[in-house]
Protein chains: 2
Amino acid sequence: MRAGPSQEDIRRYNLGALLRHVHLGGPISRAELTSRMGLNRSTIMALTSDLTAAGLVREELPRETGRAGRPSLVVRPESARVYVFAFDVGPDRLAVARVGLGGVILDRRETTRERGPFDLDEQAGILAGFARQMRRRTRPDTVCVGAAAAVSGGVRKGDGVIRFGPNLMTEEVPFGEELGRRLGLGLPVSVGNDANLAALAEHSRGVGVAVRDLIYLHGDVGIGGGIIAGGHLLGGHDGYGGEVGHMVVDPGGRACGCGSHGCLEAEVGERALLEAAGRIGTEYPGKEPHGRDAVRAVVDAADRGDIVAQEALSRVGDWLGLGVANLVNIFNPEMVIFGGMLREIYLGSAAQVRSRLALHAMAPQRERLRLRTSALGDDATLVGAAELAFAQVLADPLEVLARASG
Amino acid sequence: MRAGPSQEDIRRYNLGALLRHVHLGGPISRAELTSRMGLNRSTIMALTSDLTAAGLVREELPRETGRAGRPSLVVRPESARVYVFAFDVGPDRLAVARVGLGGVILDRRETTRERGPFDLDEQAGILAGFARQMRRRTRPDTVCVGAAAAVSGGVRKGDGVIRFGPNLMTEEVPFGEELGRRLGLGLPVSVGNDANLAALAEHSRGVGVAVRDLIYLHGDVGIGGGIIAGGHLLGGHDGYGGEVGHMVVDPGGRACGCGSHGCLEAEVGERALLEAAGRIGTEYPGKEPHGRDAVRAVVDAADRGDIVAQEALSRVGDWLGLGVANLVNIFNPEMVIFGGMLREIYLGSAAQVRSRLALHAMAPQRERLRLRTSALGDDATLVGAAELAFAQVLADPLEVLARASG
């Protein structure tokens with residue numbers, strides 16, 4: 001255990017804390033900052049001056065307040081000037097966003113990804129190309145302070161290597177390094193699991209703001225999870241924490257891509273639903289329906305009274321509910337968030353999910369539980385990647401900016 | 001987000017940090033503290049002077065070092081003077097320990113507990129009586145700075161109410177309040193789940209020291225869990241986190257006391273093993289073998305070649321391995337620790353556990369995983385309760401001591 005911080009540590013911490021208020025909460029008056037941070041007015045003024053001089057925030061007179069006396073200046077993030085690149089590599093899409101300080105998506109590019117083996121050269125090339133296009137459209141005084149990517153797979157802590165990505169059909173790919181090289185910005189590219197980053201996004205800017213214990217479940221081809229426990233993202237020893245899709249819920253169940261049987265992903269994933277609904281497995285392998293549209297089609301059919309679709313959703317909802325009940329017993333979360341295609345599945349099977357919860361989750365663990373759908377939708381992974389990219393700036397605002405501008 | 005700490009906060013933090021070094025690591029020289037805490041010599045001297053004046057530590061000349069020059073003073077915890085009371089309420093025992101600063105068990109009392117409905121008056125009376133006996137044997141200058149209890153059940157964060165304790169046959173009991181009243185020390189009694197506190201103990205002083213991500217599994221009648229994630233105990237929203245015993249591993253499985261089916265506890269707990277081994281369920285209900293000795297007898301019989309016992313252990317080991325695999329996928333821990341009667345079961349079925357792990361846990365999550373048995377054994381819950389009781393002293397050493405002495 002190290003000693004407490006030095007004066008320089010404290011200044012750095014306070015600069016970061018103030019910038020985080022502005023970044024996450026938006027424009028805020030000096031008076032409000034004084035009260036929320038518990039610092040005196042002159043310290044707040046010194047901190048905002050430093051951040052203004054660095055070009056990270058600007059101070060403005062507020063609109064007419066209607067109150068007498070000199071109004072308190074409002075501190076705003078320099079969203080148009082300071083930005084990061086956020087990347088998303090999912091089974092069905094490649095996406096890039098240029099995200100300004102404050103979390104504003106300033107620009108974006110997206111393309112469909114064909115399911116098939118992961119070609120590092122090609123995918124990194126497309127993503128870096130998108131980023132270059134966006135950079136050419138920026139004003140000369142803008143500055144990129146970070147870059148991060150969300151990928152559908154397990155990412156080793158520290159070096160951005162995708163260790164396993166069955167739904168991207170890849171493993172052991174030095175993705176962060178390659179994308180960083182191609183971007184040519186002189187910045188490292190942080191890489192994280194997509195569900196982990198979506199959890200972070202919902203916790204920072206979505207339905208889970210101020211919720212210290214939440215579980216975000218992300219569905220695409222598979223089922224991923226991101227867990228916030230006590231306010232912190234659960235990473236695990238090597239960074240692979242949150243792989244709830246490979247929790248076995250039915251030991252006698254369906255084969256899973258991971259080699260095991262009856263994993264939550266095998267019982268609840270896209271393929272399980274589409275097979276149960278009779279939409280795949282019969283003819284034309286390779287041309288079978290897949291992806292979000294195919295899942296939506298089943299939910300829509302169930303809504304219209306299609307019995308087979310209803311039974312398929314009900315079966316999948318039962319397993320989803322059992323999986324959620326297990327997680328509720330283990331984590332005692334305040335909120336479970338359904339994202340990706342699990343949003344549709346949950347909305348179509350909420351009764352099953354709730355009935356399984358009542359059966360398998362202990363009463364004290366679930367009595368204050370809230371079940372919610374993602375507020376950020378398909379942007380959750382990009383928003384989470386942007387937060388990962390901004391993390392360094394928030395930890396040490398002046399140092400990072402000096403490096404990026406110099 | 002609040003601002004960084006004040007000078008007074010930093011002094012309090014540094015005093016706590018220094019005391020924590022001495023409390024957890026034992027006697028240590030000033031020179032070593034200087035290097036480990038990253039503070040200069042005069043600051044360390046000022047901090048140790050304050051703690052010495054408060055009677056929390058003492059400084060002594062070291063034994064002959066063989067080196068020239070003035071030796072650095074060694075700082076020791078005042079273990080005989082400053083202590084806490086640690087209580088354990090398990091299905092089969094009531095125990096109290098008087099634990100000195102530094103984690104030394106100075107004195108202890110223990111009695112067998114008959115399985116049956118929980119009588120708050122009686123149990124709190126026995127525990128408070130033990131504590132009084134021990135207090136009478138202390139020197140006049142000793143000071144009790146805290147008290148905490150480990151209980152087999154779910155404890156609400158904040159108020160020490162046992163919300164559910166099926167294995168103690170109780171629920172909704174204001175245990176902390178009642179025990180505090182009977183102790184009459186003017187100190188609140190913190191209460192925690194036994195497996196959570198045993199996890200904390202193994203993390204602080206046992207096999208999991210310096211392991212930031214670990215899962216401790218505790219077996220008695222049921223299966224409890226305590227999870228350290230990123231160095232912090234996973235509490236959950238209301239304090240019921242870690243109830244891994246009620247993760248469903250076999251939806252078609254045995255009925256569980258919680259009302260669900262196929263919980264880990266139902267497939268791996270004491271009753272599952274003894275039934276599979278043909279030792280209970282046939283005659284004399286109420287007089288059936290139970291407890292640690294009955295579990296040990298099955299493991300010993302299997303060791304001697306008893307086929308029925310071997311098959312029972314193998315069956316239970318399979319489910320235990322599946323449960324551990326699920327947790328490894330979810331948490332990516334560095335270590336899983338088997339405690340209570342799970343120590344015996346794991347040692348008797350390690351091959352099954354490992355083979356299930358290989359089948360159901362993803363390779364990257366388990367490649368650096370270590371499986372261990374509890375180092376603290378039956379003392380783990382008491383040691384954990386003592387750490388909970390010391391937590392306040394370590395957070396603010398001078399304030400707590402002033403209050404306890406005054």
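Where a number appears in this text, it was derived from the coordinates with a stated rule and is not lab data. Note that this is a predicted model, so its numbers are computed, not measured. In this analysis, Cβ positions are derived from the backbone assuming ideal geometry, glycine residues included, and neighbour counts consider all displayed protein chains.
A few notes on this one:
- Net length gained if the chain between B:GLN133 and B:HIS232 were fully extended (0.36 nm per residue, minus Cα distance): 32.1 nm
- Of the trypsin sites (Lys or Arg not before Pro) in the range A:267-350, the ones in a loop by DSSP (not H, G, I, E or B) with at most 13 other beta carbons within 10 Å are A:LYS287, A:ARG304.
- Within chain A, antiparallel bridges make up roughly 60 percent of the DSSP beta bridges whose residues both belong there.
- Chain A: most fluctuating residue of A:LEU274, A:LEU359, A:LEU61 per GNM, C-alpha cutoff 10 Å: A:LEU61
- A simple count of charges around A:PHE175, restricted to other residues whose Cβ falls under 15 Å of its Cβ and scoring Lys, Arg +1 and Asp, Glu -1, yields -4.
- Cβ-Cβ FRET estimate between B:GLU8 and A:ASP396, R0 fixed at 35 Å, reported to 0.05: 0.90
- Average beta carbon contacts from partner chains per residue of B:258-271, 10 Å cutoff: 2
- Mean separation of Cα contacts under 8 Å, 6 or more apart, over the residue count of the range A:241-328: relative contact order %: 25
- Each residue, B:LEU106 and A:THR43, gets one label point 7 Å from its Cα in the Cβ direction; the gap between the two is 3.9 nm.
- Expressed in Å, the radius of gyration and Dmax of the Cα atoms of the range A:131-263 are 16.9, 60.
- Only beta bridges with both residues in the protein assembly as shown are counted; by DSSP, about 60 percent of them are antiparallel.
- Between the range B:164-207 and the range B:133-152, the alpha-carbon center distance in angstrom: 15
- In range of the label at B:GLU32: residues from the range B:69-89 whose backbone nitrogen is under 17 Å from the point 7 Å along Cα→Cβ: B:71-79
- From most to least packed by mean Cβ count within 10 Å, the peptides B:244-250, A:28-34, B:34-40, B:232-238 give B:244-250, B:232-238, A:28-34, B:34-40.
- Interchain or long-range residues, amide H under 5 Å from B:ARG254's placed H: B:GLY262
- Whole-Hz couplings from phi, Karplus 6.51/-1.76/1.60, listed for the range A:375-389; x for Gly and Pro: 8, 9, x, 5, 7, 4, 5, 5, 4, x, 4, 4, 4, 4, 5
- Cβ neighbours within 10 Å from other chains - mean over B:315-326: 2
- Sum of side-chain charges, B:ALA309 neighbourhood, beta-carbon under 10 Å (Lys, Arg +1; Asp, Glu -1): -2
- Across q = 0.09, 0.17, 0.18, 0.19 Å⁻¹, the range B:208-374 modelled as identical point scatterers on its alpha-carbon atoms has Debye log10 I(q)/I(0) values of -0.29, -1.00, -1.12, -1.23, in the order of the q list.
- Integer Hz, Karplus 6.51/-1.76/1.60 couplings in order for the range B:93-110, x for Gly and Pro: 8, 10, 9, 9, 10, 9, 10, x, 3, x, x, 7, 7, 8, 6, 7, 9, 8
- Considering only alpha-carbon pairs that sit under 8 angstrom and 6 or more positions apart, the relative contact order computed for chain A is 16 percent.
- Residues with amide H under 5 Å from that of A:VAL57, placed H, sequence gap 5 or more: A:THR52, A:GLU78
- Estimated [θ] at 222 nm from DSSP helical runs (n ≥ 4, -39500 (n - 2.57)) normalised by residues in the protein assembly as shown, nearest 500: -13500 deg cm²/dmol
- Under Karplus coefficients 6.51, -1.76 and 1.60, residue-wise ³J(HN,Hα) of the range B:216-225 in Hz, glycine/proline x: 9, 10, 10, x, 9, 5, x, 10, x, x
- Computed over the Cα atoms of the protein assembly as shown, the ratio of the radius of gyration to the Kirkwood radius (Rg/Rh) comes to 0.99.
- Annotation note: GluC sites (Glu not before Pro) in the range B:46-119 located in DSSP loop regions with a Cβ neighbour count of at most 12 within 10 Å are B:GLU64, B:GLU114.
- Inter-site label distance for A:VAL209 and A:ARG181 at 7 Å from Cα along Cβ, in nm: 4.1
- For the range A:209-374: relative contact order, % (alpha-carbon pairs under 8 angstrom, 6 or more apart): 24
- Distances in nm from A:ARG139 to the matching label points in the other copies, shortest first (labels 7 Å along Cα to Cβ): 7.4
- Rounded to two decimals, the Cα-based Rg/Rh of chain A, with Kirkwood Rh, is 1.01.
- Theoretical FRET efficiency, 1/(1+(r/R0)^6), r = Cβ-Cβ of B:ARG304 and B:ALA350, R0 25 Å, to 0.05: 0.90
- Modelled label positions at B:GLU122 and B:ALA53, each set 7 Å beyond Cα in the direction of Cβ, lie 5.2 nm from each other.
- Net charge contributed by nearby residues that have their C-beta within less than 13 Å of B:ALA402 (K/R +1, D/E -1): -1
- With the gyration tensor restricted to C-alpha atoms of the range A:1-91, the semi-axes of the equivalent ellipsoid amount to 25, 22, 12 Å, longest first.
- Mean per-residue shielding of peptide B:224-230 is 4, counting Cβ atoms of other chains within 10 Å of each Cβ.
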